[in-house]
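The block underneath contains the structure these notes are about, expressed in structure tokens.
The values are calculated or read from the model by the stated rules, or taken from the named source; none is laboratory data. None of the values given here were measured: they were computed from a predicted structure. Glycine also receives a Cβ, built like all others from the backbone with ideal geometry; neighbour counts cover every protein chain displayed.
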Amino acid sequence: MRQIKPSALRLAIISDIHEDIGSLKKIIGKIERLGYDQLVCLGDIAGFSVPHYTYRKTRNAHECLSILREKNCMIVPGNHDYHSAQVIPVNSAIFDFPDNWYELDYQQRKESGKNEIWLHEEDNLDPLYTSEDIEYIRSLPEYFTLNHKGSNILFSHYAYPNLSGFKKGFYTRPEEFRPHFEFMEKHDCSISFTGHAHIRGAYTVSQGHFKHHRYKTISLKNFPICIGISSITKHENRSGFCKFDLERSILQVIKC
């Protein structure tokens, strides 16, 4: 288990860049002006979807990844990242991936996945990563925990059992998060951060309640709690990030 540095009390948490280098640079600039101790990315650095995104001429997954690495960002991969690196997630209870998943052709995977698993080449462009980029993504953990004063925080792309976001659909009811809270309990975590859902603002799930928050400051009081954060990509004007003060349990949901 990775231990957080005593000085790293302000986390800047981002997710779902989807190769939008312009938005990433803008948000990194804002994060640095506001001040932070540790940058965290919850995945999907890659994943430019032709039907949904309009910045095709400026997309740059390689530069996005390079910037995060320069900032010593702690990263968990998302489903698009794993697809680009041809990695099968280990902690997945949503689908029994065959060992040769990436060797199967599109039609074979479509039939095997029964239209429940994202087949990213349907509408995504190749992120054009370097071979070194691919090896770096393959080295990343599917999730990680940070410890602060005896309390653990879980970071993952999405909620267990769909931890890496390969299964289509999103959770919107508290009961759908029960397996995730069991996963949190297994790792002694009182707080969890997830991305993937491209929420406008953020959502919190705790004590049987699912609540959507727009851009505001939230004092976290009910634990355990799962927090879903907004995306970096400017698609549908949803671009934003979160800052979390570990010492005071204060979450800032910031629009960009």
Go through the residues of region 168-181 one by one and say whether even a single one is assigned to a strand (DSSP E or B), of a type outside the set (Ser, Thr, Tyr) and at pLDDT 95 or above. no
Six or more apart or on different chains, Cβ under 8 Å: which pairs go from a residue in region 12-36 that's under 15 Å from Arg59 (Cβ atoms) to one that's in a loop (DSSP other than H, G, I, E, B) and acidic (Asp, Glu)? Could you list them? Asp16/Asp44; Ile17/Asp44; His18/Asp44
Extreme residue, nearest to Ile17 (Cα to Cα), among residues of region 230-256 that are hydroxyl-bearing (Ser, Thr, Tyr) and part of a loop (DSSP other than H, G, I, E, B): Thr233
Residue that is nearest to Glu185 (Cα to Cα), among those in region 195-229 that are free of Cβ contacts under 8 Å to residues at least 60 places away in the same chain, among the hydrophobic types (A, V, I, L, M, F, W, C) and in a strand (DSSP E or B): Ile225
Counting residues that are surrounded by fewer than 18 Cβ atoms within 10 Å (Cβ to Cβ) and among the aromatic types (Phe, Trp, Tyr), which helices (runs of 4 or more DSSP H) fully inside region 60-135 reach at least 1? 106-113
Across (1) touching a Gly at 6+ places or on another chain (Cβ under 6 Å); (2) free of Cβ contacts under 8 Å to residues at least 24 places away in the same chain, Arg109 clears everything bar (1)
Subset of region 25-54 (residues that are closer than 17 Å to Ala197 by Cβ and either assigned to a helix (DSSP H, G or I) or acidic (Asp, Glu) (or both)): Asp44
Consider Ser156 carefully, then state whether it is free of Cβ contacts under 8 Å to residues at least 40 places away in the same chain and either under 21 Å from Gly47 (Cα atoms) or surrounded by 17 or more Cβ atoms within 10 Å (Cβ to Cβ) (or both). no
